[in-house]
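S.K.: First, the structure itself, so that you have it in front of you.
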Amino acid sequence: MTALLEVEDLRVAYGKIEAVKGISFSVEAGEAVTLIGTNGAGKTTTLRTLSGLLKPLAGKITFDGEPLNGVPAHKIVERGLAHSPEGRRLFPRLTIAENLQLGAFLRKDTAGIDADIKRVYDLFPILGERSKQASGTLSGGEQQMLAMGRALMSRPKLLMLDEPSMGLSPIMMQKIMETIRELRSQGTTILLVEQNAQAALSLADQGHVMEIGRIVLSGSGASLLHDESVRKAYLGED
Amino acid sequence: MSELPQQLANGLILGAMYGLIAIGYTMVYGIVQLINFAHGEIFMVGGFGALSVFLALPAGTSLALALPIMLLGGITVSVLVGIAAERFAYRPLRGAPRLAPLITAIGLSIALQQAVWKWYPDGKQARVFPQFKGHSFDILGATVQRGDIFVLIAAPACMIALGFFVAKTRSGRAMQATAQDPDTAKLMGINTDRIIVLAFAIGAAFAGVAAVAYGLRTGEVQFRMGFIMGLKAFTAAVLGGIGNIYGAMLGGVVLGIAEALATAYIEEIPGMEQFGGGAWKDVWAFVLLILVLLLRPQGLLGERVADRA
């Protein structure tokens, strides 16, 4: 059986600067996989390439048995790959409800969309209470909830989350991580990019450590969490 | 001051035309941050499109009957030119330094003028545009020509339709999303290339409507008519807050009325006698633009960004 997402020797460059220098990894259906590493390691670049916003220099991306190379971004979400981007990137002047509706832009099943919006509101009650509020007026944590909810609205086969904990208070971060754990236990396949290695590794099945465009270490979440070098480099221990 | 209602009516009619054209500047800017300086010529070709339709109809067709088909003809020509401009002139330059599309726009503007000048039958001169015959109307103390009724109905109708489209339809929502964050719009599954084409097409369609209004009002169309009208409409878009569709219409009306009032009343101000009359009206329009840029650079409705699309 092949993996849901298969990335082989992916290279991505901005002009002459290669940000991703040949990485390979895979995500099995039902699994949570995390890419961790410092700023500039190439994690966000990797996700933006997978969702079609950037064109790879070389390498092969296979999703659900089909190649993704050369497929435009708006067609990739149609195949079941949703991307909650770094910095939330909500549509600030649209309401919470409108942002969620846009997450379901390609779906035609009105009843199903309404049911899924309700599901997001069940997951994050605060969003339901403020559904008519412009999303730009929300707090960072609320915006992150909405960004995740919006990505779920396409009913993705794979949910990619880029730095969901960025800039959040410890309490809010915990809430977001709990939600990711919950989504994972409900069977959502997740590819999580995080700088918060501790939180990401403790909920992931598989982890990959990235450094300046390369994967330098891979293993199960638990094993990486206990790995000496990872603890030193990313968990602030010496 | 008995001529005040007349001046207000003149200003409103002119302003409604500016507003219709300004929508095209503001929508394209809102989506791709490009000032389409060829938009005045997209307006101009619409006038020739409508005239061509009229000339193709059997002689003696009443204007009232011909008008809907002329309108359709004008809109079609403007939209086709607008879409072609996007596809062949601007799209290849997406991501290029901003000066490149700007220069392209100016080049396109000259090319379109010259094309009409060279190839439209008798295009070197002003061509007579059909006029409504019959009495003018007296509305609240102002005399309004029959032909001007058209823009007074068309402009609000277009605005209401556009407002509904942007706020209530799926494509309108997609357009707002693309204006606010194009990359993320793609992640939602929105084909942003199509949305950009749609913005050009809607703007061009409104310019086509304005061109018919212009023809009916002035009784002629000519290859240069897009230059000053385009410049005024661009001023109106900036005045209203570029990127804001309601701002564009408001800016148009404010500009039209300011122009009409300045033309009529400036000369009554002691010491300003020599600045009155029609010869100075463009000056006052651009003085207003300079004042807005100095005092309120975001434009009149620049803060109500929630309406941007």
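S.K.: Top to bottom by accessible area (1.4 Å), largest first, where do A:His83, A:His226 land?
M.R.: Details: A:His83 10, A:His226 130 Å².
Listed by decreasing accessible area, they come as A:His226, A:His83.
S.K.: Provide the convex hull volume over Cα atoms per residue for the protein assembly as shown, in Å³.
M.R.: Details: hull volume 106.1 nm³, N = 547.
Per residue, the Cα convex hull of the protein assembly as shown comes to 194 Å³.
S.K.: Tell me, how many Å apart are the Cα centres for region A:176-226 and for region A:1-60?
M.R.: Measuring centre to centre over Cα atoms gives 15 Å.
S.K.: Taking a point 7 angstrom from the Cα of B:Ser136 along the C-beta vector, which residues in region B:196-215 have backbone N less than 18 Å away?
M.R.: Residues passing the 18 Å test: B:213-215.
S.K.: Would you mind working out the magnitude of the charge dipole of the protein assembly as shown relative to its Cα centre, with +1 at each Lys and Arg C-beta and -1 at each Asp and Glu C-beta, to the nearest 20 Debye? Mind dumping the intermediate values first?
M.R.: Numbers: 48 positive and 45 negative charges, 204 e Å.
Using only the charged Cβ atoms, the result is roughly 980 debye.
S.K.: Based on the Kirkwood radius over alpha-carbon pairs, what is the Stokes-Einstein translational diffusion coefficient of chain A at 10 °C with 1.306 mPa s viscosity, in µm²/s? Don't skip to the answer; put the middle values down first.
M.R.: Details: Rh = 18.1 Å.
Taking Rh from Cα pairs, D becomes 88 µm²/s.
S.K.: Among A:Leu35, A:Gly87, B:Ile139, which residue has its Cα furthest toward the positive end of the charge dipole of the protein assembly as shown, with +1 on Lys/Arg Cβ and -1 on Asp/Glu Cβ?
M.R.: Projecting each Cα onto the dipole axis, the largest value belongs to B:Ile139.
S.K.: May I pose another question? In whole angstrom, how long is each semi-axis of the equivalent ellipsoid of region A:90-154, when you take the square root of 5 times every eigenvalue of its Cα gyration tensor and sort them from largest down? It would help to have the intermediate numbers written out before the result.
M.R.: Working: eigenvalues 63, 29, 18 Å².
Calculated on Cα positions only, the semi-axes equal 18, 12, 10 Å.
S.K.: Can you tell me what the convex hull of the Cα atoms of region B:89-231 projects to on average, as an area in nm²?
M.R.: Working: hull surface 46.9 nm².
Its average projected convex-hull area is 11.7 nm².
S.K.: Okay, next question. In whole Hz, with x marking every Gly and Pro, tabulate ³J(HN,Hα) for region A:71-81 from phi via Karplus 6.51 cos²θ - 1.76 cosθ + 1.60, θ = phi - 60°.
M.R.: Taking θ as phi minus 60°, the curve returns 7, x, 3, 6, 8, 6, 5, 4, 7, x, 10 Hz for region A:71-81.
S.K.: Another question, if that's okay. Hey, how much of the P(r) for region B:1-160 falls beyond 18 Å, as a percent of Cα pairs?
M.R.: Counting pairs separated by more than 18 Å, the tail of P(r) holds 67 percent.
S.K.: Using helices alone, I'd like the mean residue ellipticity at 222 nm for chain B: each DSSP H run of four-plus residues gives -39500 (n - 2.57), total over residue count, nearest 500. Please report the intermediate quantities before stating the final value.
M.R.: On the way: 11 runs with 209 residues, N = 309.
Theoretical 222 nm ellipticity from helices: -23000 deg cm²/dmol.
S.K.: Next up: For chain A, find the longest principal axis of its Cα atoms and tell me its angle to the long axis of helix A:140-152, 0 to 90°, nearest 10.
M.R.: Around 90 degrees separate the two axes.
S.K.: Radius of gyration and Dmax for region A:1-95's Cα atoms, expressed in Å?
M.R.: So, for region A:1-95, Rg and Dmax equal 13.7, 44 Å respectively.
S.K.: Per residue of chain A, what 222 nm ellipticity follows from adding -39500 (n - 2.57) for every DSSP H run with n ≥ 4, rounded to the nearest 500?
M.R.: -10000 deg cm²/dmol
S.K.: While we're looking at this one, here's another question. Taking amide hydrogens as modeled 1.01 Å from N in the peptide plane, which residues meet the under 5 Å criterion relative to A:Ala19, leaving out close sequence neighbours?
M.R.: Residues meeting the criterion, in which the H sits 1.01 Å from N, are A:Val12, A:Ala13, A:Tyr14.
S.K.: Right, next: Compute the accessible area of each residue in region B:175-196 twice, once for its chain alone and once with every protein chain present, using a 1.4 Å probe on heavy atoms, and list those whose area falls by at least 30 Å².
M.R.: The answer is B:Ala177, B:Gln180, B:Asp181, B:Asp183, B:Thr184, B:Lys186, B:Leu187, B:Met188, B:Gly189, B:Ile190, B:Asn191.
S.K.: Along the charge dipole of chain B, pointing to its positive end and built from +1/-1 on Cβ of Lys, Arg, Asp and Glu, which listed residue (B:Ala201, B:Gln125, B:Tyr246) has its Cα farthest out?
M.R.: Farthest along the dipole direction, towards plus: B:Ala201.
S.K.: Taking a ≥ b ≥ c as the square roots of the eigenvalues of the Cα gyration tensor of region B:1-81, is the shape rounded (a/c under 1.5), prolate (a/b larger than b/c) or oblate?
M.R.: Values: a/c = 3.11, a/b = 1.07, b/c = 2.91.
The shape class here is oblate.
S.K.: Can you tell me the relative contact order of chain B? Whole percent, Cα pairs under 8 Å, sequence separation 6 or more.
M.R.: Values: 530 pairs, mean separation 107.2, N = 309.
About 35 percent, as a whole number.
S.K.: Here is a further query. Classify chain B from the C-alpha gyration tensor, please: rounded if a/c falls under 1.5, else prolate or oblate depending on whether a/b exceeds b/c. If you can, show how the numbers build up before the last one.
M.R.: Details: a/c = 1.59, a/b = 1.21, b/c = 1.31.
Note, shape of chain B comes out oblate.
S.K.: Same structure again: Can you compute 3J(HN,Hα) from phi for each residue in region A:156-172, using the Karplus curve 6.51 cos²θ - 1.76 cosθ + 1.60 with θ = phi - 60°, rounded to whole Hz and x for Gly and Pro?
M.R.: The phi angles translate into x, 7, 9, 9, 9, 10, 9, 6, x, 8, 4, x, 9, 5, x, 5, 5 Hz.
S.K.: Residue separation times 0.36 nm, minus the C-alpha to C-alpha distance between A:Asp122 and A:Lys60: what's the value?
M.R.: Details: separation 62, 0.36 × 62 = 22.32 nm, distance 3.82 nm.
Computed gain between A:Asp122 and A:Lys60 is 18.5 nm.
S.K.: Any lysines with Cα under 20 Å of the B:Lys232 Cα? List them, leaving off those in the same chain fewer than 8 positions away.
M.R.: B:Lys232 reaches B:Lys281.
S.K.: Could you calculate, for region A:45-90, the ratio of the Cα radius of gyration to the Kirkwood radius, expressed as Rg to Rh? Display every interim value, and only then the final one.
M.R.: Numbers: Rg = 10.4 Å, Rh = 11.0 Å.
Radius of gyration relative to Kirkwood radius: 0.95.
S.K.: Would you work out the charge dipole size for region A:90-154 about its Cα centre, treating the Cβ of every Lys and Arg as +1 and the Cβ of every Asp and Glu as -1, and quote it to the nearest 20 debye? Walk me through the intermediate numbers first.
M.R.: Numbers: 8 positive and 7 negative charges, 28 e Å.
That gives a dipole near 140 debye.
S.K.: List the lysines whose alpha-carbon lies under 24 Å from that of A:Lys60, not counting same-chain residues fewer than 8 positions away?
M.R.: List returned: A:Lys16, A:Lys21, A:Lys43, A:Lys75, A:Lys157, B:Lys186.
S.K.: Another question about this same structure. Mind listing the phi-derived Karplus ³J(HN,Hα) values for region A:37-45, rounded to whole Hz, using 6.51, -1.76 and 1.60 with θ = phi - 60°, and x for any glycine or proline?
M.R.: x, 7, 3, x, 6, x, 5, 5, 4
S.K.: Nearest 100 Å² is fine: what is the total accessible surface buried where chains B and A meet, probe 1.4 Å?
M.R.: On the way: alone 14530 and 11190 Å², together 23660 Å².
Buried area (both sides, nearest 100 Å²): 2100 Å².
S.K.: What residues have an amide H closer than 5 Å to that of A:Leu217, excluding those fewer than 5 places away on the same chain, when H is modeled at 1.01 Å from N in the peptide plane?
M.R.: A:Val209
S.K.: Next up: What is the distance, in nm, between label points placed 7 Å from the Cα along the Cα-to-Cβ direction at B:Thr61 and at A:Leu235?
M.R.: About 8.1 nm separates the two model spin labels.
S.K.: With helices defined as uninterrupted DSSP H runs, which ones in chain B have an alpha carbon span along their own long axis of at least 24 Å and mean Kyte-Doolittle hydropathy of at least 0.5?
M.R.: On the way: long enough: B:4-32 (40 Å, 1.24); B:39-56 (26 Å, 1.41); B:63-84 (31 Å, 2.36); B:99-119 (30 Å, 1.14); B:146-168 (34 Å, 1.61); B:192-218 (38 Å, 1.38); B:245-265 (30 Å, 1.49).
Flagged H segments are B:4-32, B:39-56, B:63-84, B:99-119, B:146-168, B:192-218, B:245-265.
S.K.: Continuing with this model, one more query. Quantify, in whole percent, the carbon and sulfur part of the accessible surface of region B:20-139 (1.4 Å probe; protein heavy atoms only). Before the final figure, lay out each step's value.
M.R.: Working: 4130 of 5910 Å².
In region B:20-139, the share of accessible area belonging to carbon and sulfur is 70 percent.
S.K.: Scan around B:Arg94 for amide H atoms under 5 Å from its own, H built in the peptide plane at 1.01 Å from N, and keep only partners 5 or more places away or cross-chain.
M.R.: Residues meeting the amide H criterion: none.
S.K.: Under 17 Å between alpha carbons, and skipping anything fewer than 8 positions from B:Lys168 in its own chain: which lysines qualify?
M.R.: Cross-link targets: A:Lys108, A:Lys132.
The values are calculated or read from the model by the stated rules, or taken from the named source; none is laboratory data. No experiment lies behind these values; they were computed from the predicted model shown. Because the Cβ atoms are built from the backbone with ideal geometry, glycine has one as well, and the counts that use them run over all protein chains shown. Accessible surface is based on the protein model in full, side chains and every heavy atom, while ligands, DNA and RNA are left aside. Shrake-Rupley method; radii C 1.70, N 1.55, O 1.52, S 1.80 Å.
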